[in-house]
1. Which one, Leu84, Gly325, Asn278, is farthest towards the positive end of the dipole of the chain when Lys and Arg carry +1 and Asp and Glu -1 on their Cβ?
2. Please give the helix 332-363 orientation as an angle from the longest Cα principal axis of the chain, in degrees from 0 to 90, rounded to the nearest 10.
3. Per residue of the range 163-177, what does 6.51 cos²θ - 1.76 cosθ + 1.60 with θ = phi - 60° give for ³J(HN,Hα)? Whole Hz please, x for Gly and Pro, Karplus curve as stated.
4. Please list the non-local residues whose amide H lies under 5 Å from the amide H of Arg71, H modeled 1.01 Å from N, same-chain partners needing a gap of 5 or more.
5. Taking square-rooted eigenvalues a ≥ b ≥ c of the alpha carbon gyration tensor, is the range 57-137 rounded, prolate or oblate, where a/c under 1.5 means rounded and, failing that, a/b exceeding b/c means prolate?
6. For Gln291, what is the net charge nearby, where nearby means another residue's Cβ is under 14 Å from its Cβ and Lys, Arg count +1, Asp, Glu -1?
7. On a 0 to 90° scale, report how tilted helix 279-297 is relative to the longest principal axis of the chain, with both axes built from alpha carbons and the result rounded to the nearest 10.
8. Taking only Cα atoms, what is the 0 to 90° angle, nearest 10, from helix 146-158's long axis to the longest principal axis of the chain?
Amino acid sequence: MEILIVGAGYAGLTAFLELKDHAVVTLLNEDPYHYFTTQLPEVVSGSEAPDNIRIDLDRVVGEPHRLVIDRAGEIDFAARRVVLRSGGLPYDYLILAPGSVPEFYGLKDVAREALVLTGLNDALEIRSRVSALPPGAGAVIVGGGLTGTELAAALADNAELRIFLLEAAPRLVPGFTPELSEYVERLLTRKGITIRKERMVTGLHPGELLLGDEVLPYDLLIWAAGVRGSPLASGLPADRQGRVTVDAFLHPPAHPEVYVAGDLAAMRFPGGETVPPNAQVAVQSGYWIGQNLPRRLRGEAEQPFGPRMRGIFANFGKAGAGRLGSRRTMVGLPAYWFKRLIEGHHALETGGLLFLLKRLWTSYH
Ligand SMILES: Cc1cc2nc3c(=O)[nH]c(=O)nc-3n(C[C@H](O)[C@H](O)[C@H](O)COP(=O)(O)OP(=O)(O)OC[C@H]3O[C@@H](n4cnc5c(N)ncnc54)[C@H](O)[C@@H]3O)c2cc1C
């Protein structure tokens, strides 16, 4: 029996770690490592080394399991086969967790010109482009969510740039409470960042961003204005954000042999609201699949998946902001350390104690 996981991110790697003692699994990922997206802004700023946020998959995937480093091009759901650049991989059970891709809302020129921050290579690319800019150059970040605000702070703390942060909504980090959004705005303003809210990008000429009839010149343009589900599952029914429709057991319609996990799944909270793409629920979905597939293989009934958001945190240099549950908020140094604790926990779960200790040692020496 072939169990195949596509994607070794938060969802896929967690599913692998849960499954590995119960079944033989093939893990397919395009890079030979798992990386912590939540710390990419720190790699851009240089405050975290790339090796500290990357876990080599061959350290995690040993016999009898199989690691395949390649890019899945498409999936033949009828033939139960994932098509690779060279050949293909058959499956009896497929766990589909390739995450998201940037959403450009049809702005093709922007998609061609802008840098994005979705992976480790993107972080290193932004870092090298920033270091080549003269002092006083203009950097425009589009998107005032978690990624855009953390990135703006990372750049402001480490480069002499004029930074503009554009957000389409009336406040930054809409997932935060209004008070936390105001805190983030004050923090970023104090760092010298110019924040422009309720601004929509309508187009681009090289070196100039168009916001309706306003023109904003830039030397560096970074797009962090949203994501949509990976196009890998384009054969399956999906919502407007390209996220695959799933039932309470994370199966897409008519495919009980397929589980969709993480950002790619259009999951709902018990109250019916859509789950926003986030690492926490991605891990929960991977864990749930890792627990439920063995149950199913033993002939037992699966339990429905119930996503839960326990909180949301962001760091802006050495000050953080976040909320625990739906109401309790935390700011400043305590919030900063709380987020570091969450990241440390993920490092321990995925890379083991030695990796965690190495991270701590290199971070503080
Ligand atoms: C800069 C940044 C900061 C963020 N900060 C936070 C935060 O503070 N808190 C939070 O909760 N969330 C945060 N997020 C969102 C969070 O990272 C995602 O929600 C989470 O990574 C989703 O997990 P996933 O397993 O679905 O996908 P991912 O973690 O993205 O993993 C997908 C994996 O699949 C691989 N893959 C993709 N396509 C293919 C293919 N065709 N073939 C083979 N392999 C493939 C990728 O290489 C990757 O390893 C942040 C995201 C970014 C980009």
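Since every read-out is calculated from the coordinates, none of them should be taken as a lab result. This structure is a prediction, so every number in the text was calculated from the model and none was measured. FYI the Cβ positions are ideal-geometry reconstructions off the backbone, even for glycines, and counts take in every protein chain you see.
1. Gly325
2. Helix 332-363 sits at roughly 40 degrees to that axis.
3. Calculated HN-Hα couplings, in order: 10, 10, 10, 9, 9, 6, 7, x, 9, 6, 6, x, x, 7, 5 Hz.
4. Under 5 Å from the amide H of Arg71: Arg85.
5. Judged from the Cα gyration tensor, the range 57-137 comes out oblate (a/c at least 1.5, b/c at or above a/b).
6. Working: positive: Lys20, Arg295, Arg296, Arg298; negative: Glu18, Asp21, Glu300, Glu302.
Local net charge: 0.
7. It works out to around 0 degrees.
8. 50 degrees
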